[in-house]
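Here is the structure we will look at, set down as structure tokens.
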Amino acid sequence: MVAGSIVGATLQTACLRTTVRSGLPPADPPLHWRDRWHHTFFLGTVESSGPVELDRVCPNGWSLLESYTDPLQTAITLLTVTIYTPSTVTVVCAQPPQPGAGSWIHRRSRWREAPLAPILQPSPPPPL
């Protein structure tokens, strides 16, 4: 049973890493947002620490978001029979805009308003 728990913990640790990149150039992570513990319960279905307010943490936009579970957190999850499920979160903000280069926030808002990919848009009617 101990060997099965070790194998299960190892497999669980290897599979739980998520990284999202916005495409903006990275700056240093803000204070207290590198490898910060995120507290959830029942396999992440109930949040205790709440969502990350990215507009407050990164006023110039974010560059990278990463969430993973390390071996200690996996052991805690297994010992509490998935009642407490911690993970680690890292937020990396985008570099501030350079003078004369335009605002990253402005570029990001234009990206949000961009039309859907052509495959998702309805095709025009055929000519008569």
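The table that follows gives values for the structure above.
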item	result
Subset of the range 75-115 (residues that are modelled with pLDDT of 90 or more and among the β-branched types (Val, Ile, Thr))	Ile76, Thr77, Thr80, Val81, Ile83, Thr85, Thr88, Val89, Thr90, Val91, Val92
Residue count, the range 40-58 (criterion: surrounded by 14 or more Cβ atoms within 10 Å (Cβ to Cβ) and at negative phi)	6
Condition met for Thr69 (modelled with pLDDT of 90 or more, buried (at least 16 other Cβ atoms within 10 Å of the Cβ), over 17 Å from the mean Cα position of the chain (by Cα) and not small (Gly, Ala, Ser))	no
Residue in the range 38-60 that is modelled with pLDDT of 90 or more and touching a His at 6+ places or on another chain (Cβ under 8 Å) present	no
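The values are calculated or read from the model by the stated rules, or taken from the named source; none is laboratory data. Just so it is clear, the model here is predicted, and its values are computed rather than measured. So basically every Cβ, Gly included, is an ideal-geometry build from the backbone, and we count neighbours across all protein chains shown.
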